[in-house]
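First the structure, in the form of C-alpha cells, and then the observations on it.
The values are calculated or read from the model by the stated rules, or taken from the named source; none is laboratory data. Please read these numbers as outputs of a predicted model, since none were measured by experiment. Backbone-built Cβ (ideal geometry, glycine too); neighbour counts: all protein chains shown. Only protein heavy atoms, including side chains, enter the accessible area calculation; ligands, DNA and RNA are left aside. Shrake-Rupley method; radii C 1.70, N 1.55, O 1.52, S 1.80 Å.
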Amino acid sequence: MLRFNSRFPQPSRLTLIKIIPSFYANAVNAAPITIDQYSFPDPVFRTYVSENYDYDNSGTLSDSEIRNVTYLGLNYMGISNITGVRNFTYLQTLDCEGNSFSDLNLSNMTSLTTVHCGGGTVSTINVSGCTSLNEFSAWGNAISTANFTGAPNITYIDLNSNRVTSINVTANTRLETLWLNNNSSLSSLNVNNN
C-alpha cells in the first residue's frame with residue numbers, strides 16, 4: 001500500500017486516469033498501411049507507391065513514410081483507380097492529369113491545397129472536409145455535378161470542358177476564379193456569396 005506524505009496533496013484517481021491515456025496516445029504511431037490490392041487496387045498506382053515511398057522495402061507504408069509524402073506526381077500514368085490516395089494524410093499537392101479513373105474521392109484530406117486532374121475521365125469528385133484546398137483544376141473530364149461547400153478556402157476552380165449541370169460554390173466566399181467554359185448543359189449559376 002502506498003502512503004503519501006501529508007505535506008503534499010494525494011493525487012486523485014481522476015488525475016491518473018487523465019495522464020495515462022494521453023501518454024499512450026502520443027507514444028503510438030498509426031498502423032502501417034499494407035501496399036496491396038486492397039489498399040491500392042490499381043496495379044500501376046500500387047507499383048508507383050511501392051517503388052517511390054516504401055523506403056525500407058517492407059511492403060507497408062509506415063507513419064514516417066506517409067508523413068514524407070506531400071506531393072504526388074501521377075500525370076499520364078494510365079491509372080484507372082486512384083483509391084488509396086487518401087492514405088497520404090499529409091499530401092499537399094496532387095497532380096494526376098491524363099489518367100482514366102472516374103471517381104476522385106479526396107474527402108477529409110485536410111492538408112491538401114492543390115489538385116490538378118485535368119484531361120482524364122473523372123466523373124465524380126468529393127472534396128468535402130478539404131479545409132486547406134485552395135486550387136482545383138479538372139478541365140476536360142466528365143464531371144456533371146460539383147459541390148465545393150466542404151472546401152471553404154478554395155480560391156480557384158477550373159472545370160472547363162466537362163459536363164457540368166450543377167455546381168455549388170455558395171459557401172466559398174474566398175473564390176476568386178471559376179472557369180466553366182464548354183459546359184453546355186449548365187443553365188444557371190449562383191455566385192451571390194462570392
Pop the C-beta distance of N52 and S166 into the FRET formula with R0 = 25 Å and round what comes out to the nearest 0.05. 0.10
Angle between the Cα long axis of helix 43-53 and the longest principal axis of the chain, 0 to 90 degrees, nearest 10? 50
Over the chain, with the other protein chains present, what is the accessible area per residue in square angstrom, probe 1.4 angstrom? 56
If you take percent of Cα pairs over 28 Å apart from the coordinates, which of (1) 48; (2) 39; (3) 26 do you get? (2)
So how far, in whole Å, is the C-alpha centre of the range 61-106 from the one of the range 31-46? 11
For the range 39-97, treating each Cα as an identical point scatterer without solvent, what Debye log10 I(q)/I(0) comes out at q = 0.12, 0.16, 0.19, 0.30 1/Å? -0.24, -0.44, -0.64, -1.53
List the relative contact order of the range 39-116 as a percent without decimals, with contacts defined as Cα pairs under 8 Å and 6+ residues apart. 29
Starting with the highest mean, order 170-183, 86-99 by the number of other Cβ atoms within 10 Å, averaged over the residues of each peptide. 86-99, 170-183
In the range 131-183, if every C-alpha pair distance is counted and binned at 5 Å from zero, what percent goes to each bin? 5, 23, 34, 23, 13, 1
Fraction of accessible area attributable to carbon and sulfur, the range 82-194 (%, probe 1.4 Å): 40
Go through Y76, P32, G59 and say which Cα lies farthest out towards the positive end of the charge dipole of the chain; charges sit on Cβ, +1 for Lys and Arg, -1 for Asp and Glu. P32
At a probe size of 1.4 Å, how large is the accessible area of M77, to the nearest 10 Å²? 60
Apply 1/(1 + (r/R0)^6) to the Cβ-Cβ distance of V44 and T124, taking R0 = 35 Å, and write down the FRET efficiency to the nearest 0.05. 0.95
